[in-house]
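Some notes on the structure that comes next.
The values are calculated or read from the model by the stated rules, or taken from the named source; none is laboratory data. Bear in mind the structure is a predicted one, so any value in this text is a computation, not a measurement. Cβ sites come from the backbone with ideal geometry, for glycine too, and all protein chains shown count toward neighbours.
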Amino acid sequence: MLYRQSAVYNESQYVQGMSNKSSNRKKVLIKTKVFVPLIFIIAVLFITYFFPRQGSFKYNFNEGRPWQYGLLTAPFDFPIYKPAGQLKAEQDSILEFYEPYFTVDEDIQRNALADFDADVNLKTRLSELSPKYKLYIRNKLNEVYGNGIMRSEDYDRIYKSRTRALRIKKGNVAESKKAESFFTIRSAYEKVVNDVPSGIDSNTLKAADVNEYIRENILFDAIISEKAQNEFIQQVEISHGMVQRGQRIIDQGEIVYPQTYNILSSLKQVTEERSGGTTRNNWMLLGQFLLILFMFAAFYTYLLYFRPTEYRNRKHVFFMVLLTAFFVLLTAFTVKLELFSIYIIPYAIVTILIRTFIDSRTALFASLVTIITSSLMAPFPFEFIVIQISVAMVSIFMLKELSERSQLIKSSFFILLTYIVVYIGLELYQEGNVKEINWVVLVYFLINFIFIMFSYSLVYLAEKSFGFISGVSLVELSNISKPLLKELSEKAPGTFQHSLQVSNLAMAAAAKLGANASLIRTGALYHDVGKMVNPAFFTENQTPGMNPHAGLPFEESARIIINHVKDGLKIAQKHNVPRQIVDFIETHHGTSMPKYFYISWKNANPGKEANEADFRYPGPNPFSMETAIMMMADAVEASSRSLPECTEASLRNMVDKIIDGQLSEGYFRSAPITFKDIQTVKDVFVEKLVIMYHSRIAYPELRLPE
């Protein structure tokens, strides 16, 4: 059905107009109604989760930089905490005298000796030894176990420490001992084997495998050691000095020196601790969630009621929400981690990208959502909002007609100028003195400018990632020097001229209706590229007296003509033609018929029913205003060539007949175009065709004197 109201139609009308589509299409619509709100909800939850929470301390400061706020005095008494580096150095210094705790496991000694006594009776290598060997081994085992055997790793660590000592815990008493008084398994074995009296052979001892009965009985006590270590660390004072309530800390413009930075850090820490509490944090979290939810709900409502086409385009919605959420999250991380000034973040990229691929109003609305949400984290929200909104407006003004990549570069300079002028104006308005301007901020703007300079790379990246097509890309594609168009002009010159004429007609109509003229111009140039496969079978490429269809069955001729759409799709795929241009190749004939061969077949076969599948284009029918205009322009331009007389009346009659026929066949049911729009298209076509086919003045011949 056609819509009689306007080209901007609401969702209920859209669903009604698409009711003749398949059930699969309905499923997509249902999924979209779930997908779009879900994307917004996920974005809100992510931003809320990463939103910086700094208690009630509202100041941002950096060591060595000027204090940007007014006079600050201590709101209460608080200690001056030592810097983290100094505190750690003092803790490391005192830990040099720390001695780890170990315990003696007496069961290990008993079990080892019991194993030895059992093996003396059971194993030949021990039972055959003389009694003095057995007695020597047992006494030496008691000796080394009495001193203590510990892991070699623990021994090395303690031996390398400053104290070279450890504490042996027995009951509630801990005794400090030097590491040298203990054995490792290796040194204990060497003690048994090498420290032998006369009459005992060390080689015989080695054959007895004494090492099987030497085990570690001095074990590290991790729990007691950690507790003792914490007690050691607590001996270091974490603060040095106090700041009294009302004491002056810093004033605007003063440099934040290390001592002042330490005081401010201490005040921030104490303030956040005092403002803590689970209940208060929960209320703060709820407030942040409500504010973020409101901003994104406003964006959602805008798309739903004022941009229903974009609302139903899940790819566009995902792109816009992702872009907006990314810059808000980048602001959150920057403020939370104090990475750099937020004026380095190029918020104008949100405006540039959405303006490039969608439209100006949506770009401005998305920018407002990004800027206002980010301002909740900015140190000076008022100044931030004024500066960023000014930049967003200038970005839209500069990119009103984006047709060259150089425009992005040019807009970057105007954005930089806007940053500088608005910032200086705000400072002069608030301070009334040029000396109060913080010139370092201009460096931030310059870095921002460099990032925006490379926004054209992001345009290309977004085109490849999301399947978008920008005005710049359309201009590049419509260059007749492009290899594919050049090949078309060489193989099918008549088709190329036809495409140029269709492009002119369609562009004029699109401009009149406010459609995308650049898109329709490029689509018209490529719509018939499939004719390059069999150019001679199309009238515009034939010379007088040449007709390859002569002698062919009408069905075969129709198949060749219809196949130019399929051939065009293959060629477009081979040359990586964007999807938006491929749509024109698919839809410029819709599901219509090559009437010449169909009627010829009917006349040659009276009383028979033709197989319409042999005489019908595969479609689909046009589904946008641009593809609908393209279908009308293609048919009208082709038919205008067959008129014996090109007067305004004959052209008007021909245009009405063709477009009314397409209308009655229902080819525009899926396109958002009204009866009023179609009448406007007719008028533009007639006007243009009259100019194209107007008769020229006959030049008089020069009469020579006799």
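Brief remarks on what is shown
- Unique residue being modelled with pLDDT under 85 and assigned by TED's automatic domain parsing to the domain that holds Thr356 when the list is Ser395, Ser390, Ser403: Ser403
- Test: residue in region 188-199 that is buried (at least 18 other Cβ atoms within 10 Å of the Cβ), among the hydrophobic types (A, V, I, L, M, F, W, C) and out of contact with any helix residue (DSSP H, G or I) (no Cβ under 6 Å at 6 or more places or on another chain): no
- Beta carbons closer than 6 Å, at least 6 apart along the sequence or on distinct chains, never pair a first residue in region 63-84 that is in the same structural domain as Glu427 (by TED's automatic domain parsing) and under 26 Å from Ile233 (Cβ atoms) with a second that is surrounded by fewer than 16 Cβ atoms within 10 Å (Cβ to Cβ) and hydrophobic (A, V, I, L, M, F, W, C).
- Beta carbons closer than 8 Å, at least 6 apart along the sequence or on distinct chains, pair a first residue in region 230-258 that is touching a residue at least 12 places away in the same chain (Cβ under 8 Å) and closer than 10 Å to Trp67 by Cβ with a second that is surrounded by 12 or more Cβ atoms within 10 Å (Cβ to Cβ) and acidic (Asp, Glu) for Gly253/Glu436; Val256/Glu63.
- Any hit, region 541-557, residues being closer than 15 Å to His588 by Cα and part of a loop (DSSP other than H, G, I, E, B): no
- Residue within region 619-633 that is more than 44 Å from the chain's Cα centre (by Cα), closer than 20 Å to Thr495 by Cα and crowded, with 17+ Cβ neighbours inside 10 Å present: no
- Top-ranked residue of region 113-172 - restricted to ones that are among the basic types (Lys, Arg) and over 60 Å from the mean Cα position of the chain (by Cα), ranked as surrounded by the most Cβ atoms within 10 Å (Cβ to Cβ): Lys140
- Out of Ile585, Ile581, Ile571, one residue alone is under 12 Å from Tyr526 (Cβ atoms), β-branched (Val, Ile, Thr) and touching a His at 6+ places or on another chain (Cβ under 6 Å). It is Ile585.
- Meets criteria (of a type outside the set (A, V, I, L, M), assigned to a loop (DSSP other than H, G, I, E, B) and touching a residue at least 60 places away in the same chain (Cβ under 8 Å)) for Thr627: no
- Residues of region 583-614 classified as touching a residue at least 40 places away in the same chain (Cβ under 8 Å), assigned to a helix (DSSP H, G or I) and either of a type outside the set (S, T, N, Q) or on the phi > 0 side of the Ramachandran plot (or both), total: 8
- Residue satisfying all of: in region 500-540; outside any helix (DSSP H, G or I) and hydrophobic (A, V, I, L, M, F, W, C); nearest to Ile358 (Cα to Cα) among these: Ala515
- Residue match in region 427-442 (condition: of a type in the set (Lys, Arg) and over 33 Å from the mean Cα position of the chain (by Cα)): yes
- Test result for Ile415, at pLDDT 85 or above, part of a helix (DSSP H, G or I), among the β-branched types (Val, Ile, Thr) and buried (at least 17 other Cβ atoms within 10 Å of the Cβ): yes
- Qualifying position, being surrounded by fewer than 18 Cβ atoms within 10 Å (Cβ to Cβ), in a helix (DSSP H, G or I) and not aromatic (Phe, Trp, Tyr), among Leu408, Leu461: Leu461
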